[in-house]
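Shown next, in structure tokens, is the structure this report addresses.
The values are calculated or read from the model by the stated rules, or taken from the named source; none is laboratory data. Since this is a predicted model, take the numbers as computed values, not measurements. Cβ coordinates were reconstructed from backbone atoms using ideal geometry, including for glycine residues, and neighbour counts include every protein chain displayed. We work out accessible area using only protein heavy atoms, side chains counted, and drop any ligands, DNA or RNA first. Shrake-Rupley method; radii C 1.70, N 1.55, O 1.52, S 1.80 Å.
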Amino acid sequence: MKKEKIIVTGGAGYIGAHTAVELLQSDYEVVIVDNLVNSSKSVLSGIAEITGKQPAFEELDLTHAGKTNPFFHKHRDAKAVIHFAALKAVGESTRLPILYYKNNIGSLLNVMEAMKEEQIPHFIFSSSATVYGQPESLPVTELAPVQPASSPYGSTKQMAEVIIRDTVKTGNQPASAISLRYFNPIGAHPSALIGELPSGVPNNLMPFITQTAAGVRKELKVFGRDYQTSDGTAIRDYIHVTDLARAHVIALERLLKGKNQAAYEVFNLGTGKGFSVLEVIHSFEKSTGVKLNYSFTDRRRGDVESLYASTELANKELGWKAECTLDEMTLSAWNWEKKLRNLQ
Ligand code: NAD
Ligand code: UFG
């Protein structure tokens, strides 16, 4: 039997598509809305092939209130919105701050206003561990203070969290919301039918590794080998995108069943384990058997030394735990890259 209708904004994107798969496999009715600014319609066939179900899809720009409102009116029977839609390139956001504020904040305001108008009760938001900056102690808990953002992209996540908290407080719809602070999502669906599709030169480590291994890039540059870490390279909490996607379904069910402890809640989504850049490279080489061409260069501006999550709250309250190992993450990312490039 079909469950509630859920609107997934940005559902053609990397994390949204994996979440749409998990929702469909849990029998939710899924409506994806995306303007395809950083994704492609072909993702929809990947989702359909994996699940055997076709999600509804509407192509529209959520910064356009005149188009957003009729869309929400049409889907006013939806019980929740999972809001992935955003621009996410940290470097680009420093060059084009207005674009980032307009897109990420403008779309959020339109979506929340439409939810109030159509009385849609539950909201889940894609936040980021970037809100913590370099925390004073690790693993970082949800109670750690939010630090001044190092980019306009980071600012949009901080502002969005405040906007959602204040909106939920009014007692109007959406009546309950959860912000999920992702650490470093990597990997792809085990079917290799959906995965990350970076446009142009990737900014992030994992797609840069797989593209280098595939021969698209000549060499991976490791940013900094003078950090105060065991091997001198920076540490992050890498989490498999399928583990992350699964957490969204659990968070959704928490809201639908009224199991939330407060109208607005925040959870870290990570594995709780930090890995250095070199450890990720070694995992990739081990799990795939492919040797990677890399060299060291200066630190990247704005990067923190070490960041990994305390997952205690998500474990206890959501009953969720990331399950995949780093080797499974790096191997699935490679299988996806190979499929994209028709490599053996
Ligand atoms: P993505 O770019 O693959 O997906 C975002 C989707 O939103 C894209 O399909 C894009 O076309 C769509 N979109 C953007 N602006 C839109 C608009 N105005 N109207 C309609 N659709 C719009 O990114 P992702 O990696 O899947 O990230 C999803 C969310 O998670 C984003 O909010 C991102 O900021 C957040 N996040 C991502 C990471 C990460 O490392 N990938 C880390 C922390 C948080
Ligand atoms: N790195 C390299 N070479 C590269 C790319 C990355 O050495 O070519 C290093 C970075 O310096 C960093 C690590 O690999 O130490 C991870 O870098 P990513 O760019 O993959 O990820 P970040 O931790 O910098 O940022 C990611 C997302 C942001 C999000 C943040 C939250 O890109 O959107 O996680 O922690 F805000």
Please enumerate the residues belonging to the range 224-270 that are within 23 Å of Ala188 (Cα to Cα), away from ligand 2 (no atom under 13 Å from the Cβ) and open to solvent by 20 Å² or more (accessible area, probe 1.4 Å). Thr242, Arg246, Ile250
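For (1) open to solvent by 10 Å² or more (accessible area, probe 1.4 Å); (2) within 9 Å of ligand 1 (Cβ to nearest atom); (3) closer than 27 Å to Glu196 by Cβ; (4) assigned to a helix (DSSP H, G or I), each residue gets a yes or a no:
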| position | (1), (2), (3), (4) |
| --- | --- |
| Phe72 | no, no, no, yes |
| Ile82 | no, no, yes, no |
| Leu87 | yes, yes, yes, no |
| Ser93 | no, no, yes, yes |
Verdict on Phe123 being over 30 Å from Glu328 (Cα atoms), at pLDDT 95 or above and within 19 Å of the chain's Cα centre (by Cα): yes
If we ask which residues in the range 11-36 are within 16 Å of ligand 2 (Cβ to nearest atom) and open to solvent by 10 Å² or more (accessible area, probe 1.4 Å), their number turns out to be 3
Taking Glu29, is it more than 15 Å from ligand 1 (Cβ to nearest atom), in contact with a Lys or Arg (Cβ under 8 Å, 6 or more places away or on another chain) and within 20 Å of Val249 (Cα to Cα)? yes
So which pairs qualify, if the first residue must be in the range 190-206 and closer than 18 Å to Lys218 by Cβ, the second must be open to solvent by 70 Å² or more (accessible area, probe 1.4 Å) and β-branched (Val, Ile, Thr), the Cβ gap must be under 8 Å, and the two must be at least 6 apart or on different chains? Asn203/Val90
Cβ pairs under 9 Å, 6+ apart, first in the range 114-142 and more than 16 Å from Ser306 (Cα to Cα) and more than 16 Å from ligand 1 (Cβ to nearest atom), second open to solvent by 10 Å² or more (accessible area, probe 1.4 Å) and in a helix (DSSP H, G or I): Lys116/Thr167; Glu117/Asn69; Glu117/His73; Glu118/Asn69; Glu118/His73; Pro121/Leu256; His122/Leu256
Can you tell me which residue among Ser150, Ser137 is more than 21 Å from the chain's Cα centre (by Cα), assigned to a loop (DSSP other than H, G, I, E, B) and hydroxyl-bearing (Ser, Thr, Tyr)? Ser137
Scan the range 145-201 for residues that are among the β-branched types (Val, Ile, Thr) and either away from ligand 1 (no atom under 12 Å from the Cβ) or at pLDDT below 95 (or both) and jot them down. Val146, Val162, Ile163, Ile164, Thr167, Val168, Thr170, Ile178, Val201
I need the full set of residues from the range 3-26 which are more than 7 Å from ligand 1 (Cβ to nearest atom), part of a strand (DSSP E or B) and within 18 Å of the chain's Cα centre (by Cα), in order please. Ile6, Ile7, Val8
Which listed residue, of Ser151, Ser127, is in contact with a Gly (Cβ under 7 Å, 6 or more places away or on another chain), within 12 Å of ligand 2 (Cβ to nearest atom) and open to solvent by less than 30 Å² (accessible area, probe 1.4 Å): Ser151
Check on Leu60, open to solvent by 10 Å² or more (accessible area, probe 1.4 Å), aliphatic (A, V, I, L, M) and touching a strand residue (DSSP E or B) at 6+ places or on another chain (Cβ under 7 Å): yes
Given the criterion in contact with a His (Cβ under 9 Å, 6 or more places away or on another chain) and aliphatic (A, V, I, L, M), identify the matching residue among Ile124, Ile105. Ile124
Can you tell me which of Lys53, Lys67 is more than 9 Å from ligand 1 (Cβ to nearest atom), free of Cβ contacts under 8 Å to residues at least 40 places away in the same chain, assigned to a helix (DSSP H, G or I) and surrounded by fewer than 20 Cβ atoms within 10 Å (Cβ to Cβ)? Lys67
Is at least one residue of the range 197-217 away from ligand 2 (no atom under 12 Å from the Cβ) and under 13 Å from Tyr14 (Cα atoms)? yes
